[in-house]
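Below is one structure; the comments refer to it alone.
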Amino acid sequence: MRSLGDVSVGRPQLGDSMPVLVYRLFEMAMHATLVEEFDQKRADDLFRGAGHMAGKFFAENFLNKDQPFEDFVSQLQEKLSSMRMGILRIERADLVDGKLQLSVYEDLDCSGLPVTGEQVCVYDEGLIAGILEHYTGAPFTVREVDCWASGERVCRFHAEKNNAAEY
């Protein structure tokens, strides 16, 4: 994977911020290109896989996994908020059974999109799975069950530890 580089050196005038719409433009164009090249399912699988890789990279570089789950979650919540990615809430967590339900408010990918009846946050599914895998050492399947684009005002995800890596 490429390095994230030193933004302060490379962008001394513009810095590390950009409008959410620029991020969405990139994401939507990339997804549409993949749908044209393959199909919706394959495009979603590829996006989910990219999110998974990004989630592991994110966790490795920005989070300390050597702490109790509650502290790890607090650190993750702070980092997602400070990086303006979303506001994370853990609704239920059972690490023994490997099942979690979490929500992301003001999600970077979809908050404010028109209601289309779709779940669109497949990249986030992978991102969350990668972060959870990094922390627990076990692969997770994460699926969005509520989305801004489906008419909700929050993105809600179910995560479940699985026996075989899906990504």
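The values are calculated or read from the model by the stated rules, or taken from the named source; none is laboratory data. Everything numeric here is computed off the predicted structure, so don't read it as measured data. So basically every Cβ, Gly included, is an ideal-geometry build from the backbone, and we count neighbours across all protein chains shown. With ligands, DNA and RNA removed, areas are computed over all heavy atoms of the protein, side chains included. Shrake-Rupley method; radii C 1.70, N 1.55, O 1.52, S 1.80 Å.
A few points about this structure:
- Within the accessible area of region 32-167, the carbon and sulfur atoms contribute 49%, probe 1.4 Å, all protein chains present.
- Per-residue ellipticity at 222 nm from helix content only, as computed over the chain with -39500 (n - 2.57) for each DSSP H run of at least four residues, stands at -14500 deg cm²/dmol.
- Cα centre as origin, Lys/Arg/Asp/Glu Cβ charges: the chain dipole, Debye: 220 debye
- q = 0.21, 0.31 Å⁻¹: log10 I(q)/I(0) that the Debye formula gives for region 42-92, counting C-alpha atoms only: -0.85, -1.15
- Of the DSSP H helices in the chain, those whose Cα atoms cover at least 20 Å axially and whose Kyte score averages -0.5 or more: 20-37, 122-136
- Averaged over its residues, the chain has an accessible area of 60 Å² per residue, based on protein heavy atoms and a 1.4 Å probe.
- Region 1-47: C-alpha pair distances exceeding 15 Å, %: 62 percent
- Pairwise label distance in nanometres, ALA93 with LYS65, each label 7 Å out on the Cα-Cβ vector: 1.5 nm
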